[in-house]
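Beneath this line is the structure, given in structure tokens, with notes to follow.
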Amino acid sequence: MAKAKTTAFFCKECGYESAKWVGQCPACRQWNTMVEEPVGKRSVSSPSGRQTPLIKSRPARLSEISIEEKDRVGTGFGELDRVLGGGVVAGSLVLVGGDPGIGKSTLLLQVCGNLSGVGQKVLYISGEESLKQIKLRANRIGAMAGDLKFLCETSLDHIQDTIMEEKPDVVIIDSIQTMYREEISSAPGSVSQVRESTNLLMQIAKGEGITIFIVGHVTKEGVVAGPRVLEHMVDTVLYFEGDRHASYRILRGVKNRFGSTNEIGVFEMREQGLVEVENPSEFMLDGRPKGASGAVVACAMEGTRPILLEVQALVTQTNLGIPRRTAAGTDYNRVNLLMAVLEKRCRYEMSRYDAYVNIAGGMKMNEPALDLAIILALVSSLKDRAVDEKTIVFGEVGLSGEVRAVSMAEQRVNEAAKLGFETCILPGICVDKMKDTGKIRLIGVRNVREAIGIL
């Protein structure tokens, strides 16, 4: 009699299971995503004799479903509430990912303190730190009040029992890669363990109406480690971005079943923890040089929030056969495209120059509205002619050199006027649709030649 196979191959992207290794996943068509993991016969109940209770539900009409404001609870951080869509929803499953040392645990510990301070019962479960380590961080952050309890545990069977006994309103799991289920034979952090652990937490969240935050480690590609199906299972996916050696942090929502996915939250890391930045435009423009060539202020939209940022460019004579191109904070291919437009439509010999483009402050923006600002920054550096520091620029540039309209132009102009800018260079079609308030001078341009002529 043939021996039963003890291992199987799983796809990290979609969770497809195969009896043998294949180079390309048959389900999602991704290459080199199959990983080998041990499999065992899954028992109905765990070794301790416990059985996961089945949650019984019945169909309901829309008229029977009530939505109340109390279903959302504020986290104490306006920036986090903005990204979540107005606060945390009872029974939701939130995944928080980010690089090591970026501040995920610090943010969630501060959220725990804020929620327990307004009467919420909070349970913080750590699989990576001891209780003494958590207390040291809590002492650095500040006083914790209210019904806030901590637990160091990695077995989800024990965690499930604790949650059923304590009946908390909010649970923090730090992190999902350290959790394991006893009935799964593979190691913690594997594809099957992460998938099954998240599935159990989702059942607890939906069945008991408990809000659960899950911390997830990221790979070198910047996505949450484990199966890609993890992001499909949860309600909200938040990514904590930024350089851990810098003070700023960007919280970005890439999936949200309860709100917009375009909003971002800006935080600053200080000694006492994370502090929200309510006006990121002033934060990003702080320390901007005066009278320097190659620096242009642009306005990007993140959801409903206009953010002013500085686009820097440095153009120098190349010493190489192939000129060097570098883009930090924006799309590299987009910079090459815009330089090709300058060479073809404006007769600038950009192929003779190295070009370096940077978004100051560490922000990552790929919005097309930055095109015109990048063009003017490149020309400003090439001619060594500074752009007026009280001028703001935005607009999308097409391949024929035309300047196309962008969305929410009026909000961008109002934000610039609020911060003291005197001139705004924008697409001409946007000027035609806007009301001139007299607070800021509007200059509409139809193509890049008109914009360059203003310099």
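Throughout, read-outs are computed from the coordinates displayed, never taken from laboratory work. All of these numbers come straight from a predicted model, not from anything done at the bench. Cβ atoms come from the backbone with ideal geometry, glycine included; neighbour counts cover every protein chain shown.
Label sites at residue 58 and residue 246, each approximated as a point 7 angstrom past Cα along Cα to Cβ, lie 5.6 nm apart. Site pair residue 292 and residue 399 shows an inter-label distance of 3.5 nm when each label is modelled 7 Å from Cα along Cα→Cβ.
What ranking do 351-364, 9-22 get when scored by the average of other Cβ atoms within 10 Å per residue, highest first? List each step's numbers first, then the result.
On the way: 351-364: 18.6, 9-22: 16.6.
Packing order, densest peptide first, comes out as 351-364, 9-22.
Model label sites at residue 270 and residue 135, defined 7 Å from Cα along the beta-carbon direction, differ in position by 2.7 nm. Highest mean packing comes first when the peptides 188-198, 93-103, 336-346 are listed by Cβ atoms within 10 Å, giving 188-198, 93-103, 336-346. A DSSP coil position with no more than 14 other Cβ atoms inside 10 Å describes the following GluC sites (Glu not before Pro) in region 396-429: 422.
This model, with +1 at the C-beta of Lys and Arg and -1 at the C-beta of Asp and Glu, gives the chain a dipole about its Cα centre of some 880 debye. Whose amide H sits under 5 Å from the amide H of residue 8, counting only residues 5 or more places off or on another chain, with H placed in the peptide plane? Those lying under 5 Å, H to H, from residue 8 are 37, 39. Remark: 293, 400, 66 ranked as 66, 400, 293, counting other beta-carbon atoms within 10 Å and listing the fewest first.
Given an 8 Å cut-off on Cα distances and at least 6 residues of separation, report the relative contact order of the chain as a percent. Each step should come with its number before you reach the end.
Details: 943 pairs, mean separation 54.8, N = 455.
That works out to 12 percent.
Each part reduced to its alpha carbon centroid, region 150-203 and region 335-405 end up 49 Å apart.
Please determine, in degrees from 0 to 90 and to the nearest 10, the orientation of helix 409-418 with respect to the longest principal axis defined by the Cα atoms of the chain, where the helix direction is its Cα long axis. Here the helix axis deviates by roughly 80 degrees. Sorting 229, 445 from the fewest to the most surrounding beta carbons within 10 angstrom yields 229, 445.
The residue 164 and residue 28 beta-carbon pair, evaluated with R₀ = 30 Å, returns a calculated FRET efficiency of approximately 0.25.
First check a/c for region 283-454, with a ≥ b ≥ c the square roots of the eigenvalues of its C-alpha gyration tensor; if it is under 1.5, answer rounded, and if not, answer prolate when a/b is larger than b/c or oblate otherwise.
Values: a/c = 1.75, a/b = 1.46, b/c = 1.19.
Prolate.
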